[in-house]
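Peer 1: Just passing along the structure, written as structure tokens.
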């Protein structure tokens with residue numbers, strides 16, 4: 001699907017050109033850093049070629065690998081980790097091929113040259129793609145670069161699907177109508193705000209063509225037989241309209257999901273969530289190692305922040321608060337103090353002025369926050385002492401938000417599942433809006449992380465956290 005006006009094809013072309021430009025800059029930089037500006041420097045080994053030829057070959061191979069890995073595919077641009085994963089896969093394949101060629105030819109390609117070009121180049125590509133994503137987000141927020149979608153299925157599941165797509169416009173889908181059972185009787189009546197019933201399920205293909213839809217999203221098959229669903233796929237053949245099928249299970253993803261075809265049926269296998277095992281041990285090692293690294297780099301800035309807090313208002317630099325951890329174990333969480341020392345006593349007087357979501361107390365202009373505290377909160381610098389909690393084993397680098405005991409008292413059994421893992425310094429809740437999230441959305445994100453976490457997703461969340469901190473989204 002290429003979008004109205006061919007925006008997807010234009011984006012793909014521009015990405016291809018800009019990918020190539022970035023790769024050329026990286027390869028020229030690698031050559032200059034290792035060999036200066038000598039274009040005739042030769043690779044050591046029998047019948048070796050000059051390095052400039054190696055650079056050209058690697059650049060061409062790398063650009064082709066980015067295309068073969070489908071890193072510019074419209075459906076992965078602007079949303080989710082797949083784009084970045086495919087960029088890294090393409091870079092790894094390029095590195096592997098160069099290493100194999102070097103081994104087979106006995107060419108002794110400079111390690112410094114390769115380390116500069118490929119690992120560092122991969123990071124540059126990811127950062128530049130992240131900048132592209134910001135541009136795509138800005139345009140989607142204005143209503144551009146959206147694929148037009150017709151939702152078809154039972155009314156209730158269609159409403160739920162439409163709400164999710166409308167909440168996340170940056171995923172790139174704009175719902176232009178819905179087809180539901182008995183739609184001919186409810187035609188032109190509102191289903192949700194801005195979305196009307198455009199026809200019945202039997203008319204889905206015809207309605208999609210008349211509305212100029214680019215995708216038909218089948219929100220559920222309860223109202224359609226297997227034969228009718230297959231018939232819909234046939235009717236869409238040759239129209240240029242894609243078919244998306246939403247599984248009945250929601251908020252399940254990653255390594256837990258696999259598909260096995262049986263007699264033409266795509267059976268989705270869902271593994272149970274894993275809360276123990278080697279991956280958990282690896283996460284513990286990663287947590288402590290990264291916490292030590294961050295404390296080593298940020299130790300002096302943290303001392304400066306502590307001194308500024310003590311000088312700006314009376315009271316300690318650190319704020320200690322009891323939070324609920326894994327398996328509902330209580331622990332003391334550390335933060336830089338961003339409020340006056342009597343903040344807890346004044347909370348009852350401000351309870352009626354909360355801008356929060358009914359469970360969490362939040363205020364955009366909380367009078368209890370100090371002047372320097374506003375700066376710390378704006379850039380999440382008040383969270384830095386939680387690295388000590390990570391070293392102690394109370395928290396993880398990535399995980400659900402650490403709740404207060406009084407918040408836990410309001411939870412039901414469903415929400416309590418988020419305590420099956422350690423709370424995190426950052427998490428999906430932080431990179432998805434933080435204080436701007438509704439309670440239900442915050443819970444959904446935490447539960448999604450709890451049941452679908454992986455080391456790869458943790459790495460992506462850490463990278464997204466840097467962007468959230470830099471722009472201060474949802475922080476107050």
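The values are calculated or read from the model by the stated rules, or taken from the named source; none is laboratory data. All figures in this text were calculated on a predicted structure; none of them were measured in a lab. In this analysis, Cβ positions are derived from the backbone assuming ideal geometry, glycine residues included, and neighbour counts consider all displayed protein chains.
Peer 1: Based on what the data block shows, is residue 191 part of a strand (DSSP E or B), modelled with pLDDT under 85 and either in the same structural domain as residue 213 (by TED's automatic domain parsing) or closer than 26 Å to residue 77 by Cβ (or both)?
Peer 2: Working: part of a strand (DSSP E or B): yes; modelled with pLDDT under 85: yes; either in the same structural domain as residue 213 (by TED's automatic domain parsing) or closer than 26 Å to residue 77 by Cβ (or both): yes.
Taking the combined requirement at face value, the residue satisfies it.
Peer 1: I want to confirm something. Restricting to the range 143-186 and keeping residues that are under 13 Å from residue 200 (Cβ atoms) and out of contact with any strand residue (DSSP E or B) (no Cβ under 8 Å at 6 or more places or on another chain), which single residue is surrounded by the fewest Cβ atoms within 10 Å (Cβ to Cβ)?
Peer 2: 185
Peer 1: For the range 406-458, enumerate the residues that are closer than 21 Å to residue 387 by Cα, in a helix (DSSP H, G or I) and touching a strand residue (DSSP E or B) at 6+ places or on another chain (Cβ under 9 Å).
Peer 2: 419, 428, 430, 449, 457, 458 - these are the residues of the range 406-458 that are closer than 21 Å to residue 387 by Cα, in a helix (DSSP H, G or I) and touching a strand residue (DSSP E or B) at 6+ places or on another chain (Cβ under 9 Å).
Peer 1: Filter the range 198-214 down to the residues that are touching a strand residue (DSSP E or B) at 6+ places or on another chain (Cβ under 7 Å) and without any contact (Cβ under 8 Å) to a residue 40 or more places away in the chain, then identify the one that is nearest to residue 233 (Cα to Cα).
Peer 2: Start the filter on the range 198-214 by keeping residues that are touching a strand residue (DSSP E or B) at 6+ places or on another chain (Cβ under 7 Å), which leaves 198-201, 203-204, 207-208, 211-214.
Checking the rest, the ones that are also without any contact (Cβ under 8 Å) to a residue 40 or more places away in the chain come to 199-200, 203.
Numbers: 199: 17, 200: 16, 203: 13 Å.
Going through the qualifying residues, I end up with 203.
Peer 1: Which residues, taken from the range 318-327, are surrounded by 12 or more Cβ atoms within 10 Å (Cβ to Cβ), outside any loop (DSSP other than H, G, I, E, B) and within 29 Å of the chain's Cα centre (by Cα)?
Peer 2: Correct list: 323, 324, 326.
Peer 1: Quick one: is residue 333 within 29 Å of the chain's Cα centre (by Cα), modelled with pLDDT of 90 or more and outside any strand (DSSP E or B)? Steps first, answer last, please.
Peer 2: On the way: within 29 Å of the chain's Cα centre (by Cα): yes; modelled with pLDDT of 90 or more: yes; outside any strand (DSSP E or B): no.
It is false that residue 333 is within 29 Å of the chain's Cα centre (by Cα), modelled with pLDDT of 90 or more and outside any strand (DSSP E or B).
Peer 1: Of the numbered conditions (1) surrounded by fewer than 18 Cβ atoms within 10 Å (Cβ to Cβ); (2) modelled with pLDDT of 90 or more, residue 354 satisfies every one except a single condition; which is it?
Peer 2: (2)
Peer 1: Counting only residues that are touching a residue at least 60 places away in the same chain (Cβ under 8 Å) and in contact with a strand residue (DSSP E or B) (Cβ under 9 Å, 6 or more places away or on another chain), which one in the range 297-318 is nearest to residue 387 (Cα to Cα)?
Peer 2: Applying the first criterion (touching a residue at least 60 places away in the same chain (Cβ under 8 Å)) to the range 297-318 yields 298, 302, 305, 308-309, 312, 318.
If we keep only those that are in contact with a strand residue (DSSP E or B) (Cβ under 9 Å, 6 or more places away or on another chain) as well, we get 302, 305, 309, 318.
Working: 302: 11, 305: 15, 309: 19, 318: 13 Å.
Of everything passing the filter in the range 297-318, 302 is nearest to residue 387 (Cα to Cα).
A quick yes/no check of all residues on (1) under 21 Å from the mean Cα position of the chain (by Cα); (2) not in a helix (DSSP H, G or I):
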{"residue": "132", "(1), (2)": "yes, no"}
{"residue": "137", "(1), (2)": "yes, no"}
{"residue": "157", "(1), (2)": "no, no"}
{"residue": "163", "(1), (2)": "yes, no"}
{"residue": "175", "(1), (2)": "no, yes"}
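Peer 1: May I pose another question? If you take the residues of the range 295-317 that are modelled with pLDDT of 90 or more and surrounded by 14 or more Cβ atoms within 10 Å (Cβ to Cβ), which of them is farthest from residue 377 (Cα to Cα)?
Peer 2: Applying the filter and picking the extreme gives 295.
Peer 1: Then there's this: Right, residue 325: touching a strand residue (DSSP E or B) at 6+ places or on another chain (Cβ under 7 Å) and either within 29 Å of residue 371 (Cβ to Cβ) or touching a residue at least 24 places away in the same chain (Cβ under 8 Å) (or both) or not? Lay out the reasoning, then the answer.
Peer 2: Details: touching a strand residue (DSSP E or B) at 6+ places or on another chain (Cβ under 7 Å): yes; either within 29 Å of residue 371 (Cβ to Cβ) or touching a residue at least 24 places away in the same chain (Cβ under 8 Å) (or both): yes.
Judged against the criteria, residue 325 is a match.
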